[in-house]
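Please treat every number below as a calculation from the coordinates, not as lab data. All values derive from a computational prediction rather than experimental measurement. Positions of Cβ are backbone-derived with ideal geometry, glycine not excepted, and every protein chain shown enters the neighbour counts.
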Amino acid sequence: MNTIISKRFFSENVAEIVIEAPLIARSRRAGHFVIVRVDKNGERMPLTIADADVEKGTITLVVQRIGVSSSKLCALEVGDSVADLVGPLGKATDIKNFGTVVCACGGVGAAPMLPIAKALKEAGNRVITVLAARTAELIILKDQLEAVSDEVMVMTDDGSMGQKGLVTTGVEQVINREQVDKCVTIGPAIMMKFVALTTKKYNIPTEASLNTIMVDGTGMCGACRVTVNGKTKFVCVDGPEFDAHAVDFDEMLSRLRQYKNEEVESMSLGGQEFSSLGVTSEQVQSTLNSKASKPSVTPLVPPFAGTAKDRVAIPRVKMNELKPEERIQSLYAEVNQGLTFEQAVTEAHRCLNCKKPTCVEGCPVNINIPGFIKQLEIGNILGAAQIISESSTLPAVCGRVCPQEKQCEAQCIHLKMGKEAVAIGYLERFVADNSELKVTSPALKVGKKVAVVGSGPAGLAFAGDMAKYGYDVTVFEALHEIGGVLKYGIPEFRLPNRIVDREIEGLRALGVTFQTDVIVGKTLSIDDLQAEGYQAVFVGSGAGLPRFMGIPGENLNGVLSCNEYLTRVNLMNAASETSDTPVLKAKNVAVIGGGNTAMDAVRTAKRLGAERAMVIYRRSEEEMPARVEEVRHAKEEGVEFMTLHNPIEYHADENGRVKEAVLQVMELGEPDESGRRSPVAVEGKTVTIPVDEVIVSVGVSPNPLIPASVAGLEVSKRGTIVVNEHMQSSIPMLFAGGDIVRGGATVILAMADGRNAAKAMHEYLTNQ
């Protein structure tokens, strides 16, 4: 398939290629185009279908040799094949009997015009084609156009064929001699603009086939966007043909500024000078300068001058990191050091600003990712921060701990092109760390109070949105510090407390009140909150009881839950020798589990001096749920990974402290309900390893306090609060989200729950 059947050259740089494509040939219509990728290293290149033969199963492309990909395509010989051929794409031309139609084209613009003229003629129209070129040698497809036109008027700059003159001159000649009902124009943007201006004087409906920059061709990248009638349209899916009188050609030309010099010197569609197409160089310059792009702020850095291809070619930035030998010396030295300004702007250049930004769909809180990156690209950090703040209450947190590789970045169009995703998380962190966005309490208050149970990510996100809606918000936290799992669960080498505190101060600026050491369900009941005037409650109480495996020796000294271990170290400062209850600094530490929390624990143990820090995981590394970055960091820091092993028993020393772990060797069987392959014990095969500390990280149960204390609250078998699609429980005034609903959630998913609940509660209270 995709084999070249024939090839000929119209001129030195313009080739006609007939290529095998039976399915495309069968479904192709006038106006359609294809995407061609010449080889596995090539770019995606849009080309209009000039003709098709259904019986032979071929399509005809006319290619101008102007770049690497087009040159590679023109260099192929009969019998060669292209790697990829996708189509037909775009909308077909609207074909019906209009009456008399003028087809204005120039250079290789004659190729896409040919099937349109043919279709118009077959529909009963009188077709007059105006074809322009600099010289007779550059006129192509004249005979073919004559075969499907009632008349072909040739305009050349030197008068070597037809008349000496411009496209617009020829078009106006036809208009002045007879009734013209419609005009179709194909060529450079500047040519189409002036054809449109000419026909507009006579109120003649005109369609222009636009030739914007295109990367994907299927509606995902957005590089091809234009403004039509004041609305953004996308050439690849909404076009390529539009009402020429409604197209903002000045904007389009501005987006094509990188080609300005080339267009002034020669016509991009066939090498003709612009004067041959009805416009002068002076007109070109005037047009390009008449409507300069004016961003909302003065760019601090020069606008990126490259093409979409150039953006894709930029390698993904590498995060600056502390060296492993340095970082394992401290619990508080953040591993990821962030990007420099130059790195951030360069990475922002990689964003293609897609029409359908699937990255946004992949973000649980739906941040306008292309929007903030676009601001960052011109150095407007504050503008980027403002866009992020519309959706996220904790950008500095999310930029550090969210699994972007499984969410927003997993949806990045770069991946489909075999490139690394745009580093969205890195850019979010940079903006959050370097902006000075001032958050203030909304001027309008609704006069209603709402309570929040828990100050983890779900509660904080909910509190921020409700404060923005104008409610008086109070957050009740059971611990002595605000932040929930962000403080007690995530080590400072991954998420510094100062970052969490700064985000919390932003919420205080919004008017959110925080009360520590209050256990709702114990210190205060829901009834108590109602009595104090709170009209609704959001429960984001998070995780509760840790899970254990129920194996012999699991209650020995030295075997503890990950919750306990991290809370003691992170929140209670138990790593300090001055602590009243210092944590044991063991030599041989085994962490059971393969999630991010397990990585946090084992890396903490390494920083506390463990000579051998091990991750014991019953599946393979491929099934490990931890972030790839966390696993990499752990390995760099000397952590051992014993995958396909599972503890079945612990042995004690003479003092009743764990000294050995017996591990069952596992193998992978069939996938389970989660889609991961189930671990199966290898009968009779075990290993015993020395350990003096075991940290169990195999999950947690929902916090039981609220479910147990609220009469009539519907609770699942797992102990989670049952909510509807609006995060509303069986008690209408009580909403919930995060671990208390999900049983286990990432920071960003918990935040999404909080935001969704805030929106729903606002609607609920508005209607009360």
Taking Cα atoms, the helix 167-177 axis meets the longest principal axis of the chain at an angle in degrees (rounded to 10) of 60
With x for Gly and Pro, the residue-by-residue ³J(HN,Hα) of segment 151-166, computed from phi through the Karplus equation 6.51 cos²θ - 1.76 cosθ + 1.60 at θ = phi - 60° and given in whole Hz, is 7, 10, 9, 9, 10, 10, 5, 9, x, 6, 8, x, 8, 8, x, 10
Taking the alpha-carbon centroid of each part, what is the distance from segment 491-570 to segment 401-427 in angstrom?
30
What angle do you read, to the nearest 10 degrees and between 0 and 90, between the alpha-carbon axis of helix 747-766 and the longest principal axis of the chain?
80
Out of Ala613, Ser678, Met666, whose Cα points farthest toward the positive end of the dipole of segment 554-698 (charges: +1 Lys, Arg; -1 Asp, Glu; placed on Cβ)?
Ala613
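Dipole of segment 322-421, Cα-centred, from +1 at each Lys and Arg C-beta and -1 at each Asp and Glu C-beta, to the nearest 20 debye?
Charge dipole of segment 322-421: 320 debye, to the nearest 20.
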Treating only the Cβ of Lys, Arg, Asp and Glu as charged (+1, +1, -1, -1), what charge dipole size does segment 509-566 show about its Cα centre? Round to the nearest 20 debye.
180
Out of Asn703, Ser27, His349, whose Cα points farthest toward the positive end of the dipole of the chain (charges: +1 Lys, Arg; -1 Asp, Glu; placed on Cβ)?
Ser27
Based only on other Cβ atoms within 10 Å, what is the fewest-to-most ordering of Tyr650, Tyr764, Tyr426?
Tyr764, Tyr650, Tyr426
At a temperature of 20 °C and a viscosity of 1.002 mPa s, determine how fast segment 312-434 diffuses translationally according to Stokes-Einstein, using the Kirkwood radius over alpha-carbon pairs as Rh; express D in µm²/s, rounded to the nearest whole number.
147
Please determine, in degrees from 0 to 90 and to the nearest 10, the orientation of helix 110-122 with respect to the longest principal axis defined by the Cα atoms of the chain, where the helix direction is its Cα long axis.
70
Given labels modelled 7 Å from the Cα in the Cβ direction, how far is it in nm from Ser674 to Asn366?
2.9
J(HN,Hα) series, segment 723-731, from Karplus relation 6.51 cos²θ - 1.76 cosθ + 1.60, nearest Hz, glycine and proline x:
10, 8, 5, 9, 6, 9, 7, 5, 9
Express in whole angstrom the spacing between the alpha-carbon centres of segment 588-664 and segment 56-83.
55
Charge dipole (debye, nearest 20) of the chain; +1 at Cβ of Lys and Arg, -1 at Cβ of Asp and Glu
1020
Segment 673-756: which GluC sites (Glu not before Pro) are DSSP loop and have at most 13 other beta-carbon atoms within 10 angstrom?
Glu673, Glu714, Glu725
Measure off 7 Å from each Cα along the Cα-to-Cβ vector at Asp433 and Glu714, then give the distance between these two points in nanometres to one decimal.
4.5
Whole-percent tail of the Cα-Cα distance distribution for the chain, cut at 47 Å, equals 38
Across segment 554-698, qualifying lysine pairs (alpha carbons under 23 Å, at least 8 places apart or different chains) come out at 9
In order over segment 483-489: 3J(HN,Hα) from phi, Karplus 6.51/-1.76/1.60, θ = phi - 60°, whole Hz, x for each Gly or Pro, gives x, x, 4, 5, 9, 7, x
Hull-based mean projected area of segment 580-698, where the convex hull spans the alpha carbons, in square nanometres
8.2
Taking amide hydrogens as modeled 1.01 Å from N in the peptide plane, which residues meet the under 5 Å criterion relative to Ala652, leaving out close sequence neighbours?
Lys659
